[in-house]
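The values are calculated or read from the model by the stated rules, or taken from the named source; none is laboratory data. From a predicted model like this one, the values you see are computed outputs, not experimental measurements. Cβ placement follows ideal geometry from the backbone for every residue including glycine, while neighbour counts extend to all protein chains displayed. The accessibility values were calculated without ligands, DNA or RNA, using every heavy atom of the protein model including side chains. Shrake-Rupley method; radii C 1.70, N 1.55, O 1.52, S 1.80 Å.
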Amino acid sequence: MMTLSPPAPAEVSARNRRIDAFRRAVEKSFRFLKETARLDDLFARGLPLAGNQGYLVPLCRLHVGDDDLIRRLAQWRRENAFAYPSQFPVTFESTAAWLRQRVLAVEDRLLFLVLDRLGRTIGHLGFANASNDAGEIELDNVVRGVTGVEPGIMANAVRTLLGWALEHLRPSAVFLRVLDDNHHAIEFYRRLGFVEDRTIPLRRHEADGRVDYLPLAEGDVAPPDKSFLRMVYTMPARTTPADTILTAGPSISARETAYVLDAVRHGWNRNWSGYLDRFEKAFAEYVGAKHALATSSGTGALHLALAALGIGPGDEVIVPDLTWVATANAVMYVGATPVFADVEPDTWCLDPASFEAAITERTRAVIPVHLYGHPARMDRIVEIARRHGLFVVEDAAPAIGAEFQGRRVGALGDVGCFSFQGAKLVVTGEGGMLVTHSDEIYARAHALWDQGRTPGTFWINELGWKYKMSNLQAALGLGQLERVDEFIEAKREIFAWYAEGLCGVPHLVLNEEAPWARSIYWMTSVVLDERAGISRDEFRDRLRQRKIDTRPVFPAISRYRFWPRQQPPQPVARRLGEQGINLPSGICLQRDQVGYICDCIRELLGKTG
């Protein structure tokens, strides 16, 4: 028999972080949905069923006083008592207590009401037992309480709830328990993709008019009175997807929807900056900075940062040759000259040695880019910058939550800049954030951010810009930020799926994190070896034919002809720009999709051994 070695400490730590993120996601999501107390907020936190067949709305505080609903729930419990392991006389009072104490007060339990297309409540279903070390979640209380409803509505409800959980909670498994003599229910779940896992023998206990079927006590060898059948949800077999698997895409939950709806309805006049203030404060706390200023784009944040530092004509700013063009464009916006340094072949971020070699008497600042969510080598970069009297502006556009030696990027230099463009980890559609520890830099950036005016007046002191983020965008951003650690764990899990699925594939190297870094893997990226027998672009075309979207890594931007100082492309940046590929990395990707992508790559490149 093969014995498995215990997991290495790094693997244990990674698993623990994933389980912790899952538990936090459950607790925060369930609490948020159950605290609803207004009807207009209820549907903002609900889930529409496919085909306009109906809606799932969370059972919440609003329903505590709904006597008609409680009577209906009690009736359904009586009619379906045969399906429950606990059977007892059901009353209005006991059902009201169950709603308060066994649903709303239990942090890892959530129940949704199933509404048909006309808004009539016809059943319920939900999740339970989600606070566990395995990261699993139990599908629970699936009851159709009304006959004569539109066919397939309960199956639609289960599929909708499964999809929601897989996207927003990302459990390691979804399971259910059904009494083994409930053949109708077992067949229903089989059709939905659940498979038998094991049986759990039960013993009947009766007292005070209540019957409970409980798991057998240790040492009980008599034949069981009943058994639970544990069934586990399995993803469909891998097939060619109906739609193209895209490289990016956000996850939008009821939290963001509710915040934006509130901002639309109430975020005006005296409340015009309510979500802006909350977003900025929460963001500064998250990255570990003193100040945060929400902007209309990440590019705008970079422009403001350089302007606030007084950088202008005659100055030089060093930027990596491998980045999005906005990094160097911002240098041009203030009239300075971008100077391009090479990147490291392993991190794809600014090479400290190349940076130092590019410094001249005109150099005023450096902009390290935490490319694709991997942090730059900030200790050496900051040390070199301080020795030469240079400002450090971190371009952390795609890297919120990435860590350098345990500290989050963006607050490691003089100024940090982030992006919330629609493909990023945290999205607001378009938008950005400037962070800094410096009161002086923040005050200067804030003045320029608001047209250069005196706060609270219409008096303009100097030429400024309209770089504000709207309150509506900030509402979306706040909801996203409150889920950011869950997003990071999802991205890291997706990378792990790729690492497993592409192990042994020749001519392909994944961009794994350095030992001193914690990447958020915003983009899972690979480098295709020149000896692969297929060009990078042909490889991407072949994947596109299989409905797999990819992106080329940014080209070495020194090659653009409009820079005031022309330089030959840096060698590492040029190679990565010509051979690098971003694979699909959207936060809603599921394992079967990544498995399909890996299968296609293996087919194209072959495998070793």
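Descending by average beta-carbon neighbour count within 10 Å, the peptides 112-123, 581-592, 365-376, 505-516 line up as 365-376, 581-592, 112-123, 505-516, the highest first. Surface composition of the range 195-238: carbon plus sulfur atoms contribute 53% of the solvent-accessible area (1.4 Å probe, protein chains only, all chains present). Computed from the C-beta positions of Ser131 and Arg102, the FRET efficiency with R₀ = 22 Å rounds to 0.90. Counted residue by residue at 0.36 nm each, then reduced by the alpha carbon distance between them, the extension gain from Arg38 to Ile19 reaches 3.6 nm.
The DSSP beta bridges internal to the chain are antiparallel in roughly 75% of cases.
In this structure, Arg159 and Tyr560 have a Cβ-Cβ separation that, at R0 = 35 Å, corresponds to a calculated FRET efficiency of about 0.15.
3J(HN,Hα) couplings calculated from phi for the range 191-200 with the Karplus curve 6.51 cos²θ - 1.76 cosθ + 1.60 (θ = phi - 60°) are, in sequence order, 5, 8, x, 8, 10, 5, 10, 6, 9, 10 Hz; Gly and Pro show x.
Can you give me the Kirkwood hydrodynamic radius for the range 25-100, using every pair of distinct Cα atoms, in Å to one decimal?
Details: mean 1/r = 0.0712 Å⁻¹.
Final number for the Kirkwood radius of the range 25-100 is 14.1 Å.
Does the range 474-525 come out rounded, prolate or oblate by the C-alpha gyration tensor, with a ≥ b ≥ c the root eigenvalues, rounded set by a/c under 1.5 and, if not, prolate when a/b is larger than b/c and oblate if not? Because a/c hits 1.5 or more and a/b exceeds b/c, the range 474-525 counts as prolate. Cα axis of helix 274-287 to longest principal axis of the chain: angle in degrees, 0 to 90, nearest 10? Result, in degrees: 80. Its Cα gyration tensor gives the range 328-381 an equivalent ellipsoid, and the semi-axes of that ellipsoid, as √(5λ) in whole Å with the largest first, are 20, 14, 9.
Taking a ≥ b ≥ c as the square roots of the Cα gyration tensor eigenvalues, with a/c under 1.5 meaning rounded and otherwise prolate when a/b beats b/c, else oblate, which class fits the range 79-128?
Numbers: a/c = 1.65, a/b = 1.25, b/c = 1.32.
Since a/c reaches 1.5 but b/c is at least a/b, the shape of the range 79-128 is classed as oblate.
Computed over the range 88-246, relative contact order equals 18 percent, with contacts defined as Cα pairs under 8 Å that lie 6+ residues apart. Taking Cα atoms only, the orientation of helix 484-501 departs from the longest principal axis of the chain by about 90 degrees.
Mind checking the full-extension length gain between Val509 and Tyr84? Use 0.36 nm per residue of separation minus the Cα-Cα distance, one decimal, nm. So the extension gain works out to 147.8 nm.
Computed over the range 23-122, relative contact order equals 35 percent, with contacts defined as Cα pairs under 8 Å that lie 6+ residues apart. Axis of helix 67-79 versus longest Cα principal axis of the chain: the two differ by about 60°, to the nearest ten degrees. Stokes-Einstein D for the range 56-145 at 10 °C, 1.306 mPa s, Kirkwood Rh over Cα pairs, in µm²/s? Once the numbers are plugged in, D ends up at 116 µm²/s.
Surface composition of the range 249-321: carbon plus sulfur atoms contribute 54% of the solvent-accessible area (1.4 Å probe, protein chains only, all chains present). Evaluating 6.51 cos²θ - 1.76 cosθ + 1.60 at θ = phi - 60° for every residue in the range 363-375, the Karplus couplings come out as 5, 10, 7, 10, 10, x, 10, 8, 5, 6, x, 9, x Hz, glycine and proline recorded as x.
Which percent, nearest 5, of DSSP beta bridges in the range 401-454 are antiparallel? The answer is about 90 percent antiparallel.
When a/c reaches 1.5 or more, the comparison of a/b and b/c decides; with that in mind, is the range 238-373 rounded, prolate or oblate per its Cα gyration tensor? Walk me through the numbers before you get to the answer.
Values: a/c = 2.64, a/b = 1.38, b/c = 1.91.
Oblate is the answer for the range 238-373, as a/c is 1.5 or above yet b/c matches or exceeds a/b.
Can you give the translational diffusion coefficient of the chain in µm²/s, computed by Stokes-Einstein from the Kirkwood radius over Cα pairs at 25 °C and 0.890 mPa s?
Numbers: Rh = 27.0 Å.
After rounding, the answer is 91 µm²/s.
Rounded to a whole number, what % of the accessible area of the range 458-564 do carbon and sulfur atoms account for, probe 1.4 Å?
Working: 2630 of 4810 Å².
Summing carbon and sulfur atoms, their accessible area is 55 percent of the total for the range 458-564.
Ligands, DNA and RNA are left out, and with a 1.4 angstrom probe the accessible area of the chain is 44 Å² per residue.
By the rule of a C-alpha distance below 22 Å, with chain neighbours fewer than 8 residues away ignored, the lysines paired with Lys491 are Lys28, Lys424, Lys547.
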